[in-house]
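The values are calculated or read from the model by the stated rules, or taken from the named source; none is laboratory data. The shown structure was predicted, so the numbers you read here are calculated from the model rather than taken from an experiment. Ideal geometry is used to build each Cβ from the backbone, glycine not excepted, and the neighbour counts take in all protein chains shown. All accessible areas refer to the heavy atoms of the entire protein, side chains included, with ligands and DNA or RNA removed. Shrake-Rupley method; radii C 1.70, N 1.55, O 1.52, S 1.80 Å.
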Amino acid sequence: MDAFPALFGKTLDELNAVAIELGLPSYTGKQLAYWLYKTGVNSFEEMTNIAKKNQQILEEHYRLGVEAPNRVSTSADGTKKYLFTAGPGKFIEAAYIPDGKRHTLCVSSQVGCKMGCLFCMTGKQGFQGHLNAGSILNQLRSIPERAVMTNVVYMGMGEPFDNLDAVMKSCEILTAEYGFAISARKVTVSTIGIIPAMRTFLEKSKCNLAVSLHTPFDEERRRLMPIQTVYPLREVIDTIQEFDIGKYRRVSFEYIMFKGVNDSRRHVNELARLLNKVKARINLIRFHPIPASPLECSDESVIADFQEALNDRGIVTTLRASRGQDIEAACGMLSTRELVKSRNEEH
Amino acid sequence: MKKKLNLTKVKVLRQREIAPGVFVLSFMRPWDFVAGQVVGLSGSETEEARLYSIASGELDEEVDILYNINPEGRLTPWMAQLNTADNLWVSEPFGSFTSNGEPGWWIASGTGIAPFRAMFRTGLTNGKKLLHGGRDSNSFYFSDSFEQELGENYVRCCSREVCPHAYHGRLTQYLTGIEHLPAGEKYYLCGSAEMVVDVRDVLINKGVPFDNIISEIYF
């Protein structure tokens, strides 16, 4: 069955092309989009407005491509971490974060990651593969909270802009009327700043952008994030400024607080200088320690002072609540544990 | 600043297969660069460029690009077919993975050796130790020149077979076995994400401050 290509993850144009290819009525593409993206059906048989013989034709050439998660961990605060299989011995995770009326799903875009950021658990897995649009969207489609989801953020495993085509396609399906119909203003793609792909995203998508900043100083950022040697932060910010930010979309900067590394008044001053002309906010994030990391989270009082100092300098700065700490909150922890377990079983 | 990767056409001077599936493509140098920088390469002016480290020295007349064929990729199988006088599109050089004349460690796996070859040919070898990890004896590109000039400061780590003149094992094993790693020196890492992350962990575990570890990752 898996040899058949999946329908889930195809755009409406692609579904229309499937209908033509199989000699089905021209409106079958739209019917498929409805069943795939607006309902929870798990078989062609359940697509009741498609004729039986056409269901049969679809079944003979395609599979739905929707896979249930194989595990879920639930935190005392309501956060859930879903673990999915992404091929033999490969795992990805998605985090569901309820917060009052807001229900956010944090999705993965790759299995592992190539970017090697010093503070990231996913990077320790190395890179194992890209997810296609279907595998990205499946993280939303196949969980029970799907119907209540208000926001989707691409902040799980992987660097979204290292897998641009699949991410763009998944964003289209997420936001299209024929798809999940989530407002583009409720979808955020996070990047470490791969400039050519970021430019394409800003040109072609209306979704929000989040940039992992973590320090305003070049040399310091080079130590934390190897990408800085190729695409420096200043050029990332210059590129963002070329676009009409604020009117149609939100840009934010993610800033993980590392004790004694990036939490000084010097950093506040440089951030204020760097972001002076950018209509953007900063999200401060507490560092969730990962094994063997030389980094620690800043003290609470330091984080509070840092936030206040940035707000005083006119930069809207929020502190993201730490969620799911009792279920391996740091991105990549759950899948890494599963990966290690699976490798141990192999040997 | 580089707003976009503006690509210009160059002609291939030569192409050499230096190991099975591994090539050095050369073209006349159209610009100055700093050893360790990358360029974008593409098959046309409009296609998305992929980044490659320059593998030749700052004073060399030709630019060398070291690459291996990624069968799933579009660019490298095409590049491998190029002959002398064929066209290739290149960006200006950029990036800051650059070294200096101070003592330090260059640590690479596979084609991650490219920026260190550029630094080597630029003459930044004073006090440098070069560690190169590879699977088999064919993996140690440019080893003749490294061996000749760096002598004992050039270490090959061969993970899948016993090779003459090479340590048998991974880079991480070799580094773990070193009793004392100088904490004050700079460590330059280039290769796959997995190698960079693993080596960085070993260095940090052995007391090297992360401030002294500079990485470039192939993506």
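For the stretch A:74-89, the Karplus equation 6.51 cos²θ - 1.76 cosθ + 1.60, evaluated at θ = phi - 60°, returns couplings of 10, 8, 4, 8, x, 5, 10, 10, 9, 10, 10, 8, 10, x, x, x Hz by residue, with Gly and Pro reported as x.
Projecting the Cα positions of A:295, A:314, A:171 onto the charge dipole of the protein assembly as shown (unit charges on Cβ atoms of Lys, Arg, Asp and Glu, taken about the Cα centre) puts A:314 furthest along the positive direction. The lysines within cross-link reach of residue B:128, meaning a Cα-to-Cα straight distance under 18 Å and a gap of 8 or more places when in the same chain, are B:186.
From the Cα gyration tensor of the stretch A:103-252, with a ≥ b ≥ c the square roots of its eigenvalues, which class applies: rounded if a/c is under 1.5, or else prolate if a/b is larger than b/c, or else oblate? Cα axes put the stretch A:103-252 in the oblate bin.
Secondary-structure-derived ellipticity at 222 nm for the protein assembly as shown, considering helices only, amounts to -8000 deg cm²/dmol, per-run term -39500 (n - 2.57) for DSSP H runs with n ≥ 4. Exposed loop sites here are trypsin sites (Lys or Arg not before Pro) assigned a DSSP state other than H, G, I, E or B and surrounded by at most 10 other beta carbons within 10 Å; excluding them, the longest clear run of chain A is A:102-246. Chains B and A: how much accessible area gets covered up at their contact, both sides added, probe 1.4 Å, in Å² to the nearest hundred? Buried area between the two chains comes out at roughly 2500 Å².
Taking only C-alpha pairs under 8 Å that are 6+ residues apart, what is the relative contact order of the stretch A:30-166 in percent? Reported as a whole number, the value is 21 percent.
Accessible surface calculations at 1.4 Å, restricted to protein heavy atoms, place the protein assembly as shown at 43 Å² per residue. Just to confirm my numbers, what's the Cα centroid distance between the stretch A:148-165 and the stretch B:144-160 in Å? With the stretch A:148-165 and the stretch B:144-160 each reduced to a Cα centre, they are spaced 42 Å. Mean separation of Cα pairs under 8 Å and 6 or more residues apart, divided by the residue count, gives chain B a relative contact order of 18 percent.
Angle, helix A:52-61 long axis vs. longest principal axis of chain A, Cα atoms, 0 to 90°, nearest 10? Tilt relative to chain A: about 60 degrees. Beta bridges from DSSP with both residues in the protein assembly as shown: antiparallel share about 45 percent, rounded to the nearest 5. Distance between the pseudo-spin-label points of residue B:144 and residue A:283 (7 Å out from Cα toward the beta carbon): 5.5 nm. The spacing between the stretch A:8-40 and the stretch A:178-239, judged by their C-alpha centroids, is 32 Å.
Among the lysines, which fall within straight-line cross-link reach of residue A:124, defined as a Cα-Cα distance under 17 Å, with same-chain neighbours fewer than 8 residues apart omitted? Excluding near neighbours in sequence, the set is A:90, A:114, A:341.
Once the mean 1/r over all distinct Cα pairs of the stretch A:1-118 is inverted, what Kirkwood radius in angstroms do you read off?
On the way: mean 1/r = 0.0601 Å⁻¹.
Kirkwood hydrodynamic radius for the stretch A:1-118: 16.6 Å.
Where Rh is the Kirkwood radius over the Cα pairs of chain B, the temperature 20 °C and the viscosity 1.002 mPa s, what D in µm²/s does Stokes-Einstein return? Here the translational diffusion coefficient equals 120 µm²/s.
Each Lys and Arg adds +1 at its Cβ and each Asp and Glu adds -1 at its Cβ; summed about the Cα centre, the stretch A:197-337 shows a dipole of about 520 debye. Among the aspartates and glutamates, which have Cα under 18 Å from the Cα of residue A:277 when same-chain residues fewer than 8 positions away are ignored? Within reach: A:235, A:238, A:242, A:244, A:254, A:312. Taking the longest Cα principal axis of chain A as reference, the axis of helix A:195-204 is set at about 60 degrees. The translational diffusion coefficient of the stretch B:55-156, from Stokes-Einstein at 4 °C and 1.567 mPa s with a Kirkwood hydrodynamic radius over alpha carbon pairs, comes to 86 µm²/s. A viscosity of 0.890 mPa s and a temperature of 25 °C, combined with the Kirkwood radius over Cα pairs in Stokes-Einstein, give a translational diffusion coefficient for the protein assembly as shown of 97 µm²/s. Relative to the longest principal axis of the Cα atoms of chain A, the long axis of helix A:12-21 lies at roughly 30 degrees. For the stretch B:59-122, GluC sites (Glu not before Pro) are listed when DSSP marks them as loop and at most 12 other Cβ atoms sit within 10 Å of their Cβ; the list is B:61, B:72. Taking only protein heavy atoms and a 1.4 Å probe, the accessible area of chain A is 50% carbon and sulfur. Within chain B, antiparallel bridges make up roughly 50 percent of the DSSP beta bridges whose residues both belong there.
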